[in-house]
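Asks: Questions regarding the structure given below will be posed in turn.
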Amino acid sequence: MNLILLGAPGAGKGTQAKRLEDAYSLVQLSTGDMLRAEVASGSEVGKKAAEIMESGALVPDELIIAMISSRLDKADCRKGFILDGFPRTAPQAEALDRLLEEKNLKLDHVIEIKTDDEAMVERITGRFSCAKCGAGYHDEYQRPKVDGVCDKCGGTEFKRRADDNEETVRARLTAYHNQTAPIIDYYRASGVLEAVDGMAPIDDVTSQLKGLVG
């Protein structure tokens, strides 16, 4: 079973991908993680990517596709994969379709996690985590049981991502809508697009996703 999860920043793609990965023995393919792994390994793709990223440029689609192609050939992908963070543009979606066709693979589901932008701004700007163990919290929705003390490790230092501010979040949401609207139309035309209510509680979103993928 091969899936793509689409959704705005903060929609919970990573969380839900991990749950589906565990439930169905799939492999979550995050292009960001894959790039970092290729760079760390010193592979040819990694060396090229490192040079491009060090120059401040975006890694070209051809290199991303080559990296995904190599990853799909590994044994752990035989039961299926979940793509998280790719494709981001219509040309990337078309290139992915060509790659899958070459490998006699297909997409079984492309699922959009639909959310409200204002809620996403509130959700993302309120996030913080334990500096010691990384446990996640939120100003409103998930505070530590004892204020200032991590529930998991007892740490007392917390941090926020520098880009989790309102201006940056709104810019990321605008970019997402501008880039992703054509992708949604592309997959809708292909007959594989489905959607779940990403504003529901996390467990409910998981149930919706499982109901779609069976």
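Only the coordinates and a few stated rules stand behind these numbers; no lab work does. Bear in mind the structure is a predicted one, so any value in this text is a computation, not a measurement. Because the Cβ atoms are built from the backbone with ideal geometry, glycine has one as well, and the counts that use them run over all protein chains shown.
Asks: How much of the DSSP beta bridge set in the range 75-202 is antiparallel, as a percent to the nearest 5? Walk me through the numbers before you get to the answer.
Replies: Values: 7 of 12 bridges.
Given both bridge residues lie in the range 75-202, the antiparallel proportion sits at roughly 60 percent.
Asks: Can I ask one more? Subtracting the Cα-Cα distance from 0.36 nm times the residue separation, let me have the gained length for T15 to M1 in nm, one decimal.
Replies: Between T15 and M1, full extension yields 3.2 nm more.
Asks: Classify the range 153-214: rounded, prolate or oblate, from the alpha-carbon gyration tensor (a ≥ b ≥ c, eigenvalue square roots; a/c under 1.5 rounded; otherwise prolate if a/b is larger than b/c)?
Replies: On the way: a/c = 3.69, a/b = 1.38, b/c = 2.66.
Verdict is oblate for the range 153-214.
Asks: Let me ask you something else. Using Cβ counts within 10 Å as a stand-in for footprinting exposure, how do S70, S41, S30 rank, fewest first?
Replies: Starting with the residue having the fewest Cβ neighbours, the order is S41, S70, S30.
Asks: Once every DSSP H run of n ≥ 4 in the chain is given -39500 (n - 2.57) and the sum is divided by its residues, what mean residue ellipticity at 222 nm do you get, rounded to the nearest 500 deg cm²/dmol?
Replies: Computed ellipticity for the chain at 222 nm equals -15500 deg cm²/dmol.
Asks: Loop-only trypsin sites (Lys or Arg not before Pro) in the range 30-121, please: DSSP not H, G, I, E or B, and at most 13 other Cβ atoms within 10 Å.
Replies: Details: sites: R36, K47, K48, R71, K74, R78, K79, R88, R98, K103, K106, K114; in loops: K74, R78, K79, R88, K103, K106.
When the trypsin sites (Lys or Arg not before Pro) of the range 30-121 are filtered for loop state and at most 13 Cβ neighbours within 10 Å, K74, R78, K79, K103, K106 remain.
Asks: With no other cysteine's Cβ closer than 4.7 Å, which Cys residues of the chain count as lacking a disulfide-compatible partner?
Replies: If one checks each Cβ against the other cysteines of the chain, C77 turn up with nothing under 4.7 Å.
Asks: Right, another one. Can you give the FRET efficiency for D108 and A57, using 1/(1 + (r/R0)^6), R0 = 35 Å, r = Cβ-Cβ distance, to the nearest 0.05?
Replies: Efficiency for this residue pair is about 0.55.
Asks: Given a Förster distance of 35 Å, report the FRET efficiency between K74 and A175 from their Cβ-Cβ distance, rounded to the nearest 0.05.
Replies: Details: r = 31 Å, r/R0 = 0.88.
Computed FRET efficiency for K74 and A175: 0.70.
Asks: Which lysines does K210 reach when only Cα atoms under 21 Å apart count, and residues fewer than 8 places away in its own chain are ignored?
Replies: Here the lysines satisfying the reach criterion relative to K210 are K13, K18, K79, K106, K114.
Asks: Here is a follow-up. Kindly provide the chymotrypsin sites (Phe, Trp or Tyr not before Pro) of the range 140-214 that DSSP labels as loop, not H, G, I, E or B, and whose Cβ sees at most 11 other Cβ atoms within 10 Å.
Replies: Working: sites: Y141, F158, Y176, Y186, Y187; in loops: Y141.
Here the sparse-neighbourhood loop sites are Y141.
Asks: Right, here's the next one. Note down the nm distance, to one decimal, between modelled labels 7 Å out along Cα→Cβ at R143 and at D203.
Replies: 2.3
Asks: If you don't mind, there's one more thing I want to ask. What percent does the relative contact order of the chain come to when contacts are Cα pairs within less than 8 Å and at least six residues apart?
Replies: 28
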